[in-house]
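*Asks:* Pasting a structure here, questions to come.
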Amino acid sequence: MTLNRRLMLVAATVVVAAAVVAPAATAQDRAAYDGLKQTVSVDTFQATESVGGSVTADGMTALLIQALVRDGRFVVIEGAASSEASAIVRGAVTKYEPAAGGSSLSIGGGLGSMLGGRAGTRSQRAVMEISLRLVNTSTGQVVSTSSAQGSASSRTSDAGLVNTWSGATVGGEVFRATPIGQAGEDAIMRAVDQIAAGMRDVPWSALVVDAAETGVYLNAGADRNVQPGLTLTVWRPGRTLTDPRTGEVLDVEMARIGQVRVETVRDRLSIASVVDGEQPVRGDVLRVE
């Protein structure tokens, strides 16, 4: 058997073996959520090199987006600074222990003067802690902070081929399949309820897309559980008040324009009629009272 053929076979063994990791914790099955869904966007996690760097940051961001979508109470808007979202979730990894405990047994052998074989079994426990901030996009204010810790253990059998000159290993584990990735997912599942609790302080809102004789068009439809007959109050944004020293948004003045009632609901759009007040214009904010 040629050396390249051996490399391919052993690399395949690594990938298969690495995937044999204890399943990640999942949220309990929820009854179908029939309330109005809030819109959120997720900023990229902050993770320094000491807590996993960009691999952990990207992996945790993807896991949080998946968890929020799967939860059923939210519509996740792409883009961290999306104006369509009611709130932005900003997270950071604050504790990172990929090998908080465990044991291993390995057997080595020679496969040539340059390459060495390796096979073994290992048990590993990982711990990750995250902190989250929920920011109201209308005001820029932090409405809630929370933290969550997750842990995961695995027992895997692996076989790898190591270059004894460089120490490089053929193959590798993807973030989610590792104990530290599963610990992160466990922490995120615990954090979702905390995010939902923080969103209670963020009013549900939608935006006016357009207004014409045929009706007032809203950027919320069946995707956000909007139903015909829903009455919404129309608000027009005014001055944005900021702290002169820090530039932090303190408040946004809002003027009440009137009310509209939803008549027709489509997948991602609703058409409403004016109940009272002025004719809305594009960009006006609609809220439930």
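The values are calculated or read from the model by the stated rules, or taken from the named source; none is laboratory data. Just so we're clear, the structure is a prediction, and the values are computed from it rather than from any experiment. Because the Cβ atoms are built from the backbone with ideal geometry, glycine has one as well, and the counts that use them run over all protein chains shown. Just the protein is used for accessible areas: all its heavy atoms, side chains included, with ligands, DNA and RNA removed. Shrake-Rupley method; radii C 1.70, N 1.55, O 1.52, S 1.80 Å.
*Asks:* What is the one condition in (1) open to solvent by less than 50 Å² (accessible area, probe 1.4 Å); (2) assigned to a loop (DSSP other than H, G, I, E, B) that Arg282 does not satisfy?
*Replies:* (1)
*Asks:* Now for a separate question. Kindly provide the set of residues from segment 35-71 that are open to solvent by 50 Å² or more (accessible area, probe 1.4 Å) and within 12 Å of the chain's Cα centre (by Cα), ordered by number.
*Replies:* Thr44, Asp58, Ile65, Gln66, Val69, Arg70, listed by residue number.
*Asks:* Answer yes or no: is there a residue in segment 178-187 that is assigned to a strand (DSSP E or B) and modelled with pLDDT under 80. Walk me through how you get there before you give the answer.
*Replies:* Residues of segment 178-187 that are assigned to a strand (DSSP E or B), as a first pass: none.
No, every residue in segment 178-187 fails to be assigned to a strand (DSSP E or B) and modelled with pLDDT under 80.
*Asks:* Additional query: Given (1) at pLDDT 95 or above; (2) under 24 Å from Arg70 (Cβ atoms); (3) not hydroxyl-bearing (Ser, Thr, Tyr), where does Asp193 come up short, assuming only one miss?
*Replies:* Failed condition: (1).
*Asks:* Within segment 216-259, restricting attention to residues that are in a loop (DSSP other than H, G, I, E, B) and β-branched (Val, Ile, Thr), which residue is modelled with the lowest pLDDT?
*Replies:* Thr246
*Asks:* Is it the case that some residue within segment 141-154 is of a type outside the set (Gly, Ala, Ser) and modelled with pLDDT under 85?
*Replies:* Taking segment 141-154 and keeping what is of a type outside the set (Gly, Ala, Ser), we get 141-143, 145, 149.
Still in the list and also modelled with pLDDT under 85: 141.
Yes, the conditions are met somewhere in segment 141-154.
*Asks:* Restricting attention to segment 246-272, report how many residues are open to solvent by 40 Å² or more (accessible area, probe 1.4 Å) and within 22 Å of Asn225 (Cα to Cα).
*Replies:* 9
*Asks:* Does Val275 satisfy the condition of being open to solvent by less than 60 Å² (accessible area, probe 1.4 Å) and either part of a strand (DSSP E or B) or within 23 Å of Ile77 (Cα to Cα) (or both)?
*Replies:* no
*Asks:* Which members of segment 127-144 meet the condition of being outside any loop (DSSP other than H, G, I, E, B), open to solvent by 60 Å² or more (accessible area, probe 1.4 Å) and more than 21 Å from Gly59 (Cα to Cα)?
*Replies:* Val142
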